[in-house]
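Structure first, commentary second.
The values are calculated or read from the model by the stated rules, or taken from the named source; none is laboratory data. Everything numeric in this text was worked out from a predicted model, so none of it was measured. Here the Cβ positions follow ideal geometry from the backbone for every residue, glycine too, while neighbour counts run over all protein chains shown. Heads up: the accessible areas ignore ligands, DNA and RNA and are worked out on the full protein's heavy atoms, side chains in. Shrake-Rupley method; radii C 1.70, N 1.55, O 1.52, S 1.80 Å.
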Amino acid sequence: MKRNGNIDIFALHPTQILVLGFAILILIGALLLNLPIASQNGQSIGFINALFTATSAVCVTGLVVVDTLTYWTTFGQVVIILLIQIGGLGFMTMGTLFALLLGKKITLRERLVMQEALNQFSFSGVVRLAKYILIMTFTIEGIGAILLSIKFIPIYGLSRGIWYSIFHSISAFCNAGFDLIGNFRSLTPFVDDVLINMVIMSLIILGGIGFVVILDVMQKKNFNKLSLHSKLAITMTLILISVGFFVILILEFYNPDTMGQLSLKGKFLSALFHSVTPRTAGFNTLPTDKLTMASIFFTIVLMFIGGSSAGTAGGVKITTTGVVIATIVSVIKGKDDTETFGRRIPRDIINRSLAIIGLALGLVILVTMILSITEKDSSFIGIFFEAVSAFGTVGLSLGVTSTLSKLGKIIIAITMFFGRVGPLTVLLALAQRKKENKGILRYPEEKVIVG
């Protein structure tokens with residue numbers, strides 16, 4: 001682990017390299033955002049606030065302590081969007097891009113780290129997958145920016161409209177939730193704009209469903225031929241969007257502070273948008289703090305679940321949730337195996353899914369308890385919402401973020417970091433130990449009364 005008293009990075013496990021890489025990227029971003037040139041008032045924002053913003057950008061969360069448009073200069077905004085792009089794709093994928101541009105070969109060690117970063121079962125083909133990811137990302141973001149410019153250029157002018165289009169396209173595809181609309185309004189001024197709503201939602205879904213799923217669909221073009229992972233991701237996405245749409249529409253239809261004053265078109269668009277954005281984009285067209293308590297709690301559930309693996313989304317992931325649901329259904333039906341779509345899910349995948357959800361719940365509970373002590377002026381539901389939003393790398397807030405104490409900001413920053421790399425790290429750690437522990441020693445079996 002050490003060489004001549006120094007840490008030997010080549011002796012680190014790929015998972016450790018990933019965590020270290022994200023940490024270094026956040027630190028560089030914090031140092032850049034702390035420069036006076038990044039702030040419109042010409043003064044340093046302070047390292048804690050800079051660190052919080054950099055963490056939120058790299059971890060594609062969207063929680064902000066200052067308004068992105070009115071506080072940051074163009075330099076600051078460029079730093080933020082670059083951190084979002086690198087954080088969304090993963091620094092190893094971006095590193096692959098530079099290596100390919102420079103004509104460098106990708107070493108075996110780098111392929112192993114890429115395997116961990118892309119959440120693949122084998123390092124075979126990871127460089128090719130990284131190439132596809134880069135091509136897909138820049139193509140989708142480019143199309144999104146062009147479509148958004150149709151609306152933004154007439155409103156904000158040519159140069160500003162193009163910049164807004166590029167910024168929001170990258171932010172949406174990377175599920176970051178940073179916006180340049182100003183005054184913490186997010187996309188509320190465009191609540192009934194069909195083009196902006198549909199483009200942003202499409203970018204969020206494509207980024208959140210995972211690169212592997214998009215590639216699988218492009219290659220096979222037939223649902224029945226897709227891998228079990230893709231089938232589960234697509235099915236869970238459609239179910240959550242559909243259920244979310246109807247639940248939010250029913251709960252907010254007559255709420256005078258949200259949908260009550262909107263046209264029928266506006267109500268349908270806002271309900272659909274709010275069913276998409278908590279998983280895990282952070283944009284909002286309805287004022288989040290004006291939602292009914294039932295809608296707030298339902299949003300917390302959506303934020304906790306998040307998007308799909310091997311994408312830009314956070315949360316415990318829809319495939320993880322799908323595996324647990326399939327296990328519950330199998331138990332209710334009296335089956336010994338967990339089955340779905342005519343396939344049996346291996347026991348180790350089930351165990352990892354349960355471990356991820358259990359650890360995620362533990363983290364959210366711990367963070368909520370700590371914030372309840374440090375943020376005495378905030379409501380419990382606001383703190384709980386903030387903790388889940390940070391873990392799920394969502395970015396929605398009930399107004400707590402800007403009022404956080406210095407300790408609270410550090411806690412939320414750590415939560416965002418764990419939300420971005422934690423569940424993946426746990427899964428990989430379990431996978432690493434699986435072969436080491438298997439077959440060495442098996443204790444006698446004994447039943448425990450549960451339920």
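Could you give the length gained on full extension between ILE373 and MET218, defined as 0.36 nm per residue of separation minus the Cα-Cα distance, in nm? It would help to have the intermediate numbers written out before the result.
On the way: separation 155, 0.36 × 155 = 55.80 nm, distance 4.95 nm.
Here the segment from ILE373 to MET218 would lengthen by 50.9 nm.
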Residues of the stretch 159-318: accessible area per residue at 1.4 Å, in Å²? 36 Å²
Let me see the P(r) profile for the stretch 152-302: every Cα-Cα distance counted, bins of 5 Å, each bin given as a percent of all pairs. 2, 9, 18, 20, 18, 14, 10, 6, 2, 0
Could you list the trypsin sites (Lys or Arg not before Pro) in the stretch 291-384 that lie in coil according to DSSP, counting only those with at most 13 other Cβ atoms within 10 Å of their Cβ? LYS333, LYS335, LYS376
Rounded to the nearest whole number, the per residue volume of the convex hull around the C-alpha atoms of the stretch 273-385 in Å³ is 135 Å³
Whole percent per 10 Å bin, from 0 to the bin with the longest distance: what is P(r) over all C-alpha pairs of the stretch 354-397? 31, 52, 16, 1
Backbone HN-Hα couplings from phi across the stretch 146-159 [Karplus 6.51/-1.76/1.60, Hz, Gly and Pro as x]: 4, 5, 5, 5, 4, 9, 6, 5, x, 7, 10, x, 5, 5
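Pairs to check: LYS376/LYS409; LYS317/LYS409; LYS231/LYS265; LYS267/LYS290. Give those whose C-alpha atoms are more than 20 Å from each other in this structure. Show your work: numbers first, answer last.
On the way: LYS376/LYS409 14 Å; LYS317/LYS409 25 Å; LYS231/LYS265 31 Å; LYS267/LYS290 15 Å.
Long pairs (Cα-Cα over 20 Å): LYS317/LYS409; LYS231/LYS265.
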So what is the orientation-averaged projected area of the stretch 346-419, using the convex hull of its C-alpha atoms, in nm²? 4.8 nm²
Euclidean distance between Cα centres, the stretch 296-364 to the stretch 143-176, Å: 35 Å
Whole-percent pair-distance distribution, where bins are 10 Å wide, for the alpha carbons of the stretch 265-314: 26, 54, 18, 2
Whole-Hz ³J(HN,Hα) from phi, Karplus 6.51 cos²θ - 1.76 cosθ + 1.60, for the stretch 338-347, glycine and proline x: 8, 10, 7, 6, x, 10, 9, 8, x, 4
extent check for the stretch 19-88: Cα max minus min per principal axis, descending, whole Å, gives 34, 18, 18
